[in-house]
Amino acid sequence: MKINKVLSVFVMSLLLVMGFSPVVFAKTTSLNYANFPPAPTFPCIQMERWKTQVEERTHGAVAINTFPGGTLLGAKDMMDGVINGQADIGCICMAYQPGRFTTTNATSLPLGIPDAKTGSLVLLDLYNKYQPRAFEKVKVLTMFVSAPANIMSKYPVKTLSDLKGLDLRASGGAAQILKSWGANQIGMPMSATPEALQKGVVNGLFSSLEVMKDLKFAEICRNVTMTNTVIYPFAVIMNKNKWNALPEDVKKIMDGLVREQSAWTGEYMDNHVEESINWSKQTYDINVINLSDAEKTEWDNKLAPIIENWIDDANKKNLPGDQIVTDIKNLIKTHR
Ligand code: 3IO
């Protein structure tokens, strides 16, 4: 009897030491998550939210180390940096490499995505339908979009002639639109824009308005022209080998977050834009310009060729351009 008890305690201890008890000996997986813009901006806010959710839901079995502000990878190195394993996870803005992400960048055509929540779900559904080859070397953890872009400028822009030759910063689909309106479009990631504005390299930008508060652009850009034309699409991607090495239960938790995170980020963005506009009015008395109906029609008319050009380009790449545009239009109706 006694020898049996001693033996069983011995066997139990051995099992524990060998790691059969996940509660006592759970190994912590640490993952590095790179982001390009400063910590107060929405791509980093959603990163911290995802980190918290993953750490909670895995009961600490996974730890996420976040690197905002380009401290691990910059905007343009993000995709390849994650593929090469310089970071385990990264947040990319697809507009910074428009030729690389043709299918998903179709969401930044002027097709009338009304808000970030709708746009985020449209983008995710489009990605799931087409499974573009651009993402075959990574695992997609979520996708989301910015709120529709408006013009933030040192000078008031009320007409197309006010816009003519004005040095404004934008990328990807938004850049095409600015050019069509006759602005002097200058391409650079959001992360380079504070310095460019400060130095006068640009006189404004074309993006979503929450940066008026988050990056304090309201201090320099006292004028906003409402256009609500185009979103910027984003993806959070993970190194494929790192993903494959994760325990199944962790994969399941992350897969369960893909859509939830997309909707959460879109909703956060839409609410935060409102907050930013109010803050900018109160703090810097900014001038919000709404285009007259006649002016708006003129601006819209300039955009018609953009969609046709994108379809031609997609077809040349053997992508079903017409179908992708039709799908986006239908997905907007589904999600709005
Ligand atoms: C964006 C990118 C980084 C931080 C905040 C942001 N708000 C809107 C965007 C969209 C974008 O990528 C851009 O370059 O305007």
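Structure data summary
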{"item": "Which listed residue is under 20 Å from D300 (Cβ atoms), crowded, with 24+ Cβ neighbours inside 10 Å and β-branched (V, I, T), from V211, V236, V224", "result": "V224"}
{"item": "Tabulated pairs, the range 312-325, first on the phi > 0 side of the Ramachandran plot and surrounded by 14 or more Cβ atoms within 10 Å (Cβ to Cβ), second outside any helix (DSSP H, G or I) and polar (S, T, N, Q), C-beta under 9 angstrom, 6+ apart or interchain", "result": "none"}
{"item": "Some residue of the range 285-292 being exposed (fewer than 12 other Cβ atoms within 10 Å of the Cβ) and either in a helix (DSSP H, G or I) or outside the structural domain of F42 (by TED's automatic domain parsing) (or both)", "result": "yes"}
{"item": "Index of the failed condition, G85 passing every other in (1) farther than 24 Å from G187 by Cα; (2) crowded, with 18+ Cβ neighbours inside 10 Å", "result": "(2)"}
{"item": "Scan of the range 90-137 for residues that are buried (at least 24 other Cβ atoms within 10 Å of the Cβ) and modelled with pLDDT under 95, ordered by number", "result": "none"}
{"item": "Qualifying position, being within 15 Å of the ligand (Cβ to nearest atom), over 23 Å from I286 (Cβ atoms), within 19 Å of the chain's Cα centre (by Cα) and touching a residue at least 40 places away in the same chain (Cβ under 8 Å), among A147, A175", "result": "A175"}
{"item": "The range 57-100 - residue that is over 26 Å from T193 (Cβ atoms) and assigned to a loop (DSSP other than H, G, I, E, B) and, of those, nearest to the ligand (Cβ to nearest atom)", "result": "D88"}
{"item": "Selection from the range 139-176 of residues that are among the aromatic types (F, W, Y) and outside any loop (DSSP other than H, G, I, E, B)", "result": "F144"}
{"item": "Unmet requirement for Y268, which otherwise passes all of (1) away from the ligand (no atom under 16 Å from the Cβ); (2) under 19 Å from the mean Cα position of the chain (by Cα)", "result": "(1)"}
{"item": "Set V224, V140: member being within 21 Å of M269 (Cβ to Cβ), assigned by TED's automatic domain parsing to the domain that holds V250 and modelled with pLDDT of 95 or more", "result": "V140"}
{"item": "Total residues in the range 178-201, condition in a loop (DSSP other than H, G, I, E, B), within 13 Å of the ligand (Cβ to nearest atom) and in contact (Cβ under 8 Å) with a residue 40 or more places away in the chain", "result": "1"}
{"item": "Residues of the range 196-229 satisfying the condition of being in contact with a Gly (Cβ under 7 Å, 6 or more places away or on another chain) and over 19 Å from P148 (Cα atoms)", "result": "none"}
{"item": "Meets criteria (in a helix (DSSP H, G or I) and over 23 Å from P148 (Cα atoms)) for I328", "result": "no"}
{"item": "Residue within the range 215-231 that is without any contact (Cβ under 8 Å) to a residue 24 or more places away in the chain, away from the ligand (no atom under 12 Å from the Cβ) and over 19 Å from the mean Cα position of the chain (by Cα) present", "result": "yes"}
{"item": "Checking L124 against (1) assigned to a helix (DSSP H, G or I); (2) closer than 19 Å to A174 by Cα, the condition it does not meet", "result": "(2)"}
{"item": "Residues within the range 35-56 that are crowded, with 21+ Cβ neighbours inside 10 Å, within 15 Å of the ligand (Cβ to nearest atom) and part of a helix (DSSP H, G or I), tallied", "result": "5"}
{"item": "G266 in contact with an Asp or Glu (Cβ under 8 Å, 6 or more places away or on another chain) and not basic (K, R)", "result": "yes"}
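The values are calculated or read from the model by the stated rules, or taken from the named source; none is laboratory data. Since we're looking at a predicted model, the values are computed, not measured. Here Cβ is always computed from backbone atoms with ideal geometry, including for glycine, and neighbour counts include all displayed protein chains.
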